[in-house]
Structure formats: structure tokens, C-alpha cells
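To start, the structure under review is shown below, and the notes come after it.
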Amino acid sequence: MTDKRANDRRTSLSGTHTSRLAETEQNRTDCGQSSPFRIAPLLLEHCRDICEWRYEPPYDIYAWQPWELMASLQQEFGDPQLREEQYRAVLDAQGGLCGFAQFFPMAAVTRLGLGMRPDACGQGSGAEFVRAIAAEARRMKPEDEIDLEVLTWNKRAIRAYRRAGFVITDTYERMTPTGEAEFHCMVWSE
């Protein structure tokens, strides 16, 4: 952490949220526009930032609950063991947080879950972002098939996944927190 970031963190008692927002603003970079992505451990500060991300409708369904709630309930990356085993940060070359990845193990398959920082979405770096995550999944489990699920209405994500080398292999309905929804399963064809 740079001296400035460490100093920002120590500002006022009521300024903790503001300092993290300022830090996020300072760390905003091109997210793949001019440099490659790298995969790293998902740190607590990343988790807090991810929980503050807000997407425009209809993508707002991808927002996480507040960090304090996720941590207290040990949900998803709020569970330290699950975070260590399955979740990673996706960083740019300068160490700025661009997104996260989940590597969910299934029988002979690694299913990807992923999220990109809202201001980086729709900016043309999605395919490179997804390729970096898929390559990490391949490195971790070279024998596994790599797939992901995407809601069929999410055309922006489907375009990025196709450009990254994924192909639709199945379409089905399944339950979500908001009811039944239609999904594509997409497999990485490298």
C-alpha cells in the first residue's frame, strides 16, 4: 500500500467510507485498455470495495450485499475459507482492482463466476478480462473443462465471452433469488 493510501485510510473516524471511495477513485485505471490483467488473492479490502459496486439496471441484480452482512453470515467471499479456495482478484498492471473471479469446482469442470468493476463494463476490455480468468482456471486445473453460466438477456456479457473463446453449449432455466430465469452454459474452446 502506498504512503498516500495508508494515510487516506487513517483519516477521520467518520471518513472510513469516504477514504475507501477516494482510494477506489485513485486506483481506477484503464482495466485492460493498455495493460494486461493479472490474477491475485482476493484481499479483505477488495471484498469491501466489491460490495460497494453499483451497476445500472438491468445489471443491478449483480450487486452484492453490504460487506459487514456478508462477513457476519460468511456468505460467498465473506467466508474466509471459501474466499481462499475459490475467489481471486483481477488486477491491472498497477495493482488496481478491476474485478473478481470465482473458480467453482465441479466434477471434471471448473465453473467460472466473475464480475467486473461497474465503470469498466462496456469499455471493450471484457474479452481480455475473461481470457485472463479462463487462463488462470486452466493453469489451476489443466484437465478440467472450463465453463460459465450467463443469463440469456445479458447480450453484452455473451459478446465478451464469445470474443474470449467461449461457445454456447446449452440453454436451460433454473431458479435464481428472483425466480426462474433462462441461462446459457458456455464452454471455453481456447
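The values are calculated or read from the model by the stated rules, or taken from the named source; none is laboratory data. This is a predicted model, so every value here is computed, not measured. No Cβ is skipped: glycine too gets one built from the backbone with ideal geometry, and neighbour counts run over all protein chains shown. Ligands, DNA and RNA are excluded from the accessible area calculation, which covers all protein heavy atoms including side chains. Shrake-Rupley method; radii C 1.70, N 1.55, O 1.52, S 1.80 Å.
Remarks
- Checking each residue in segment 110-134 for being in a loop (DSSP other than H, G, I, E, B) and buried (at least 20 other Cβ atoms within 10 Å of the Cβ) picks out Arg117, Cys121, Ser125.
- Considering Glu68, Glu84, the condition of being open to solvent by 20 Å² or more (accessible area, probe 1.4 Å), touching a strand residue (DSSP E or B) at 6+ places or on another chain (Cβ under 8 Å) and either at pLDDT 95 or above or closer than 25 Å to Trp153 by Cβ (or both) is satisfied by Glu84 alone.
- Residues in segment 40-92 that are touching a residue at least 60 places away in the same chain (Cβ under 8 Å), under 20 Å from Glu136 (Cβ atoms) and not in a helix (DSSP H, G or I): Asp92 alone.
- Some residue of segment 134-155 being of a type in the set (Lys, Arg) and touching a Gly at 6+ places or on another chain (Cβ under 7 Å): no
- For segment 163-172, the set of residues classified as farther than 12 Å from His184 by Cα and surrounded by 15 or more Cβ atoms within 10 Å (Cβ to Cβ) consists of Ala164, Gly165, listed by residue number.
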